[in-house]
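The values are calculated or read from the model by the stated rules, or taken from the named source; none is laboratory data. Everything numeric here is computed off the predicted structure, so don't read it as measured data. Cβ coordinates were reconstructed from backbone atoms using ideal geometry, including for glycine residues, and neighbour counts include every protein chain displayed. When the accessible area is computed, the model is the full protein with side chains, heavy atoms only, and any ligands, DNA or RNA have been set aside. Shrake-Rupley method; radii C 1.70, N 1.55, O 1.52, S 1.80 Å.
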Amino acid sequence: MSNTNASVRPFGIKDKIGYMFGDFGNDFTFILSSMFMLKFYTDVMGVSASVVGLLMMAARFVDAVTDVTMGQIVDRSKPTKDGKFKPWIKRMCGPVAIASFLIYQSAFADMAYGFKVVWLVVTYLLWGSIFYTSINIPYGSMASAISADAKDRAQLSTWRTVGGTLAGLVIGVGTPLVAYEVVDGNTVLSGSRMTIIAGVFSICAIICYLLCFNLVRERVPVQANTQKLEIGKLLKSLVTNRSLLGIIAAAIVLLLAQLGMSTMSGYVYPNYYGSAAAQSVAGLVGNLVILIICAPLAVKLSTKFGKKELATAACLVSAVVYVACLIVRPENPFVYVGFSAVAYLGIGFFNTVIWAMITDVIDDSEVKTGVREDGTIYSVYSFARKVGQALASGLTGILLSLIGYTQATAFDPDVTLGIFKMSCYIPIVGFILVAIVLIFLYPLNKTRVEENIAELKRRRGEI
């Protein structure tokens, strides 16, 4: 283990738990958005699914500016007594939580259509493009400052996944049981309940962020980058960085699969199967798979076989599972839950090691250029995740419109059958594309990662 600042306590369980709470806070708003925002605006606010999806994709053009800008701000900021990255968590936890709550205002459901679209655009941009960016990029970049040891970082990645999974449990299990009500024999989303739920989750997010701030310690000094920003040089560096391009492409298609599954769960269970309870059980089982199987085994398996190798195999298994589900077309919703739970292994193993893979990319870039740019690289990756989120929501919204989904046709048999097929097609395509990207584009296999770590230790005089 590396402890480069003797005045700070050594890396330990407080750091792991604190870092876990950081993603717990993130996902109280992020998972809520990915699982329920499209459903809320189509079923409660009466906005077309294609309009919501297209707006979410258009917002990513704003993120192209705000994400990289925030990355530069973080890289150029000077360390304080609390560290270089931690202060941003305390500063921005309130704004990101409030912006998330404002998205789900069912009191405006009877307002003019144009007003509702504008409200969605403004609140969604405030939440995702500005405030979420300003807290998530410093949080993700902070892993490099918590410890320089590769094993410690892998543990942080695992604990971060645990935090996100716990948020997924709370949202995925609890929300369907509370947010839905039966009206005229159909299971529908309650707007007023969603507003209350969003408010509660925003408060929980703030609490989690403050726990992260108080428990984590930055012990690896990261000085401010004082080099003059040259946009052309930066873009050239990013475009020619194969490891970064590979992880970006993998992240985009993984989120296409993951968020496609999450978004479609809000339609396939209540509309095709007529069971909000099954959606709740799916959230429980899927997240337990990550907590019980993926989190304990990820570090051991990735240490033995490599992070790239583990993620590739897991994604291929998940694609096969959904092909089988499409062929079988189970009539019982809980059999469908079983298929999705097994498929969650792919998401679970990849998400458990993905944050450690980002530090591998940062190391690889430093080996090549001699400059460490945690904030900038993480911001580019963060932008890629948002592209994946937008593509998942955007394509899902467009596909729902293409199969004829509206408030009036939500329970039409032909439409609901289309919903079931989409719930399988989206993850099949996504998981296969992830495996292809990792195999042919992403270069950081186990051997390459170990070589980079050894080289950086040599440069720092640690070996």
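Residues I432, I419, I292, ordered by accessible area of protein heavy atoms at a 1.4 angstrom probe radius and largest first, appear as I292, I432, I419.
In order along the stretch 173-187, the phi-based Karplus estimate (6.51 cos²θ - 1.76 cosθ + 1.60, θ = phi - 60°) of 3J(HN,Hα) comes to 8, x, 4, x, 6, 9, 6, 8, 9, 8, 10, 6, x, 10, 8 Hz; Gly and Pro are listed as x. Helix 374-402 axis versus longest C-alpha principal axis of the chain: approximately 10°, rounded to the nearest ten. The phi torsions of the stretch 21-35, fed into the Karplus equation with coefficients 6.51, -1.76 and 1.60 and a -60° offset, translate into couplings of 5, x, 6, 4, x, 3, 7, 4, 9, 5, 5, 4, 5, 5, 8 Hz, rounded to whole numbers, with Gly and Pro shown as x. Taking a ≥ b ≥ c as the square roots of the Cα gyration tensor eigenvalues, with a/c under 1.5 meaning rounded and otherwise prolate when a/b beats b/c, else oblate, which class fits the chain? In terms of gyration-tensor shape, prolate.
A helix-only calculation puts the chain at -24500 deg cm²/dmol for mean residue ellipticity at 222 nm, using -39500 (n - 2.57) for each DSSP H run of at least four residues, averaged over all residues.
Taking the C-alpha atoms only, the angle from helix 307-328 to the longest principal axis of the chain is near 10 degrees. For helix 86-103, report the angle its Cα long axis makes with the longest principal axis of the Cα atoms of the chain; keep it between 0 and 90° and round to the nearest 10°. Taking the Cα atoms of the chain, the angle to 86-103 is about 10 degrees.
In this structure the amide hydrogen of S77, modeled in the peptide plane, comes within under 5 Å of the amide hydrogens of N225, none closer than 5 places in sequence on its chain. Using the Cβ-Cβ distance between V182 and E450 with R0 set to 56 Å, the FRET efficiency from 1/(1 + (r/R0)^6) comes to roughly 0.50.
The V320 and T409 beta-carbon pair, evaluated with R₀ = 30 Å, returns a calculated FRET efficiency of approximately 0.40. Centre-to-centre separation between the Cα atoms of the stretch 365-429 and those of the stretch 175-198: 24 Å. Of the residues L288, N271, S365, the one whose Cα sits farthest toward the positive end of the charge dipole of the stretch 234-392, with +1 on the Cβ of Lys and Arg and -1 on the Cβ of Asp and Glu, is S365.
Remark: for residue pairs K81/K304; K90/K368; K16/K307, the C-alpha separation exceeds 31 Å in K81/K304; K90/K368. For a test of the definition: using alpha carbon positions, the gyration tensor, and the 1.5 limit on a/c, classify the stretch 120-227 as rounded, prolate or oblate. It is prolate, given that a/c is not under 1.5 and a/b is the larger ratio.
Extension gain for the segment V121 to V328, taken as residue separation times 0.36 nm less the Cα-Cα distance, is 70.5 nm to one decimal.
Each residue of the stretch 129-137 was assigned a 3J(HN,Hα) from its phi angle through the Karplus curve 6.51 cos²θ - 1.76 cosθ + 1.60 (θ = phi - 60°); the sequence is 8, 10, 6, 4, 4, 6, 10, 6, 5 Hz, with glycine and proline shown as x. Bridgeable lysines around K39 (alpha carbons under 16 Å apart, same-chain partners fewer than 8 residues away excluded): K116. For the set T447, T158, the ranking by accessible area, highest first and with no ligand, DNA or RNA atoms included, is T447, T158 under a 1.4 Å probe. Accessible area per residue for the stretch 24-129, computed on protein heavy atoms with a 1.4 Å probe, is 36 Å². Taking amide hydrogens as placed 1.01 Å from N in the peptide plane, the amide H of Y180 sits under 5 Å from those of S190, each at least 5 positions away in sequence or on another chain. Using a probe of 1.4 Å, the accessible surface attributed to V429 totals some 80 Å² when neighbouring protein chains are kept in position.
Is the shape of the stretch 274-319 rounded, prolate or oblate, going by the alpha carbon gyration tensor and its root eigenvalues a ≥ b ≥ c, with a/c under 1.5 for rounded and a/b larger than b/c for prolate? Oblate.
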